[in-house]
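K.L.:
Before I ask anything, let me first share the structure, which is written out below as structure tokens.
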Amino acid sequence: MGLRKLKIILEMIKFEHSLFALPFAFMGAVLGSIVIEKAWPTWMEIFWVTVAMVGARSAAMSLNRVIDRVIDARNPRTATRAIPAGLISILEVIAFIVVSFAVLFIAAYQLNDLAVKLLPLAVFVLVLYSYTKRFTWLCHFILGVAIGFGPLGGWVATTGQVDPIGLLLFASVMFWTAGFDIIYACQDADFDRKEGLFSMPSRFGIKNALIVARVCHILTFVGLMSLYAVADLSIWFLIGVLISGAILIYEHSLVKPTDLSKLDVAFFNMNGILSVVMFVFTMIDLVIS
């Protein structure tokens, strides 16, 4: 019974979508260690970064499902999620949240003092995000900050410091996340408007929201190009950035104001591929050079 409930929770929070955030967290850890420390991170550092990321994402997604359970029950697209469908109780999910946050805390304490000091800020943003669509259409950018803490956290884990290069990586991921979350929110524009919820598509319309998403992804591309320049990386990193730029262009070609039928491909597939591409080409760059 315990394993069955755990499986339901992992399906509910789309555990496999950790693929979005983990490669950038690894990228932050490895890039920071090489650029600042002039050495590769230890396997234990990578292990605890992985544990921290899994704990943070699991806690945040589960908390979001608990906080949004009433809204999810009223939305035909989300009414079949585990909590509104009665597949799992709120207390069971809360227990999972407590364990996930405990895992995050343990991982931070295994890394360094700065990781521990920044932990309350990271947790605050993770919790805040689930409430933001009730009062601001900037909710997509709050999610961007939360996901951006992944690579910045990886950077802090192996360097013990926050510096401009690490913040540049954070900003790039923040705008990337905000952009694809705006795209994802387009499918709920009518529902959000009717329920009085805030999002770019419900506030400004799908057409204008997609324009904002494009601007966010242009800023992502500019940020990654800037990272290539200031971190003194090689042509391999540049190739990764160019491929990522092409992926973003293709992603936006799939979604139109009058046709959202390919939204899942644009949101899940393209962004999962992009994060892996950036990590792989960063590793190639650092290994070869």
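The values are calculated or read from the model by the stated rules, or taken from the named source; none is laboratory data. All values derive from a computational prediction rather than experimental measurement. FYI the Cβ positions are ideal-geometry reconstructions off the backbone, even for glycines, and counts take in every protein chain you see. Just so you know, the surface numbers come from the protein's heavy atoms only, side chains and all, with ligands and any DNA or RNA stripped out. Shrake-Rupley method; radii C 1.70, N 1.55, O 1.52, S 1.80 Å.
K.L.:
Anything in the range 89-119 that is touching a residue at least 24 places away in the same chain (Cβ under 8 Å) and over 25 Å from A52 (Cβ atoms)? List them, or say none.
P.N.:
Within the range 89-119, I90 is the sole residue that qualifies.
K.L.:
Here are some residues: D259, D264. Which one is on the phi < 0 side of the Ramachandran plot, without any contact (Cβ under 8 Å) to a residue 12 or more places away in the chain, open to solvent by less than 70 Å² (accessible area, probe 1.4 Å) and not small (G, A, S)?
P.N.:
Values: D264 fails: open to solvent by less than 70 Å² (accessible area, probe 1.4 Å).
One residue alone meets the criteria, D259.
K.L.:
Of these, R57, R65, R77, R81, which one is in a helix (DSSP H, G or I), closer than 19 Å to M12 by Cα and open to solvent by 40 Å² or more (accessible area, probe 1.4 Å)?
P.N.:
Answer to the check: R57.
K.L.:
Here's a follow-up. State whether the residues of the range 90-101 include one that is under 30 Å from G2 (Cβ atoms) and part of a loop (DSSP other than H, G, I, E, B).
P.N.:
No: zero hits.
K.L.:
Identify all residues within the range 35-49 that are open to solvent by less than 40 Å² (accessible area, probe 1.4 Å), in a helix (DSSP H, G or I) and in contact (Cβ under 8 Å) with a residue 24 or more places away in the chain; write none if there are none.
P.N.:
Passing the criteria: V35, V49.
K.L.:
Further, regarding this structure: Scan the range 226-252 residue by residue and report those that are more than 15 Å from V276 (Cα to Cα), open to solvent by less than 60 Å² (accessible area, probe 1.4 Å) and not in a loop (DSSP other than H, G, I, E, B).
P.N.:
S226, L227, E251, H252, listed by residue number.
K.L.:
Which of the numbered conditions does V70 fail, given that it passes all the others? Conditions: (1) open to solvent by less than 60 Å² (accessible area, probe 1.4 Å); (2) under 21 Å from R134 (Cα atoms); (3) not in a loop (DSSP other than H, G, I, E, B).
P.N.:
All conditions are met except number (1).
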